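Heads up: the structure comes next, in structure tokens.
The values are calculated or read from the model by the stated rules, or taken from the named source; none is laboratory data. Everything numeric here is computed off the predicted structure, so don't read it as measured data. Every residue, glycine among them, receives a Cβ derived from its backbone with ideal geometry; neighbour counts consider all protein chains shown.
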């Protein structure tokens, strides 16, 4: 497999070679999601501006790790299907519906023995509350309190395990998400070149500015 512009792993089933960090966590009123910007090809930094965090609709986002072409195709396909769902029914799908839609595509491709080489998070807020869904290349989907993908996820999970709690405020959740990602950036050579981060709350999706991220990191 061509490793150029690979956000994640060379082959999720043979000799994993990951290079990315994405992180998402629930708080009592929404979710915080953040990713780094480095795309790696083995030990080569293929891009310093890779976009790994994508808006699917007004209250749902996805992160991508894995083969870029596969991930971009799945993001575009999911966006289109969610738009069709809302047009046909007159109301937006829940976060779980979005996650299950993507999971079904991954599963069908996996069953054809030509899997998409991706790991993705689908996160958002709906009438049932905030959700973080973790999906793998086989189509498995798990509703988590927090999740991380990519080569830096071991470091990220260490921070999340230590500090996540059920009643986090939005401000606390933002700080925790950025702290977890910054830990991966400082320890994982395949993670870096800045961050993209956002919050999904009752008002929709709010992207954090460069200045806001920088200020929070300086306070950690």
Only one of these is more than 15 Å from residue 32 (Cα to Cα), within 14 Å of the chain's Cα centre (by Cα) and modelled with pLDDT under 95: 151, 112. Name it. 151
Residues located in the range 55-77, provided they are closer than 20 Å to residue 190 by Cβ and buried (at least 17 other Cβ atoms within 10 Å of the Cβ): 63, 64, 65, 66, 67, 68, 70, 71
Is it fair to say residue 118 is buried (at least 24 other Cβ atoms within 10 Å of the Cβ), closer than 23 Å to residue 208 by Cβ and touching a helix residue (DSSP H, G or I) at 6+ places or on another chain (Cβ under 9 Å)? no
Of the residues in the range 190-220, those that are without any contact (Cβ under 8 Å) to a residue 24 or more places away in the chain and either touching a helix residue (DSSP H, G or I) at 6+ places or on another chain (Cβ under 8 Å) or in a loop (DSSP other than H, G, I, E, B) (or both) come to 203, 209
Quick one: in the range 158-175, of everything that is touching a helix residue (DSSP H, G or I) at 6+ places or on another chain (Cβ under 8 Å) and under 21 Å from residue 200 (Cβ atoms), which residue is surrounded by the fewest Cβ atoms within 10 Å (Cβ to Cβ)? 163
